[in-house]
Amino acid sequence: MKTLWAPWRMSYILGQAGTREGCIFDFPAAITHDKRQLLLYKDGLCEVLLNRFPYANGHLLIAPARHVADITGLSTAEAGALMAMLKDSIIILRRHLRPDGINSGLNLGAAAGAGQADHLHFHVVPRWQEDHNFMTVTAEIRSIPEHIDNTFDQLLPDFQALARQGTEDRRQKTEGRKE
Ligand SMILES: [Zn+2]
């Protein structure tokens, strides 16, 4: 069984996550990360969360910081930041989890399987050659969340390094304009 990318399954998984009121992707502007909410990274344009009910260990959700439903609603800066974060997140996942492959995609609209259809988000799912039994394992999803805190701690320093780099880049640009 090789075709395991099953976005309709995400809607089930994410549907279970919607237990608290409001949008799971909306955070106060001042927050840059939050372990309790599994938020690994947030700046003014984009954010990265670990999926609380993952399809596989290291399952990330990359979203614009702004509450926007459709990809056509993104500004050029937001679209660029999301794609850059997709790239950086894959680098970080490969460094720490060494997956054999990665699935990434968008579910646009509830009909396409989006559990949180009103806030755009990319799924990034690490895959391993021997994970073809994951579907049956994750049918009893309980086994994975125990690892989420560990995975969060493992990935956070790299995302914080990205945040520091972003701050440094903005500082240099600002100083460059002054000259
Ligand atoms: Zn939102």
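The figures follow:
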read-out	value
Test for Pro28: is it modelled with pLDDT under 95, part of a loop (DSSP other than H, G, I, E, B) and within 15 Å of the ligand (Cβ to nearest atom)	yes
Single residue of His121, His96 found to be closer than 22 Å to Asp149 by Cβ, surrounded by fewer than 18 Cβ atoms within 10 Å (Cβ to Cβ) and touching a residue at least 24 places away in the same chain (Cβ under 8 Å)	His96
Of all residues making up the range 46-70, the number that are over 23 Å from Ala163 (Cβ atoms) and modelled with pLDDT of 95 or more	0
Residues that are within 13 Å of the ligand (Cβ to nearest atom), in contact (Cβ under 8 Å) with a residue 24 or more places away in the chain and in a strand (DSSP E or B), drawn from the range 33-71	Cys46, Leu49, Leu61, Ala63, Pro64
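The values are calculated or read from the model by the stated rules, or taken from the named source; none is laboratory data. All values reported here derive from a predicted model rather than from experimental measurement. Note: ideal-geometry Cβ built from the backbone for every residue, glycine included; neighbour counts use all protein chains shown.
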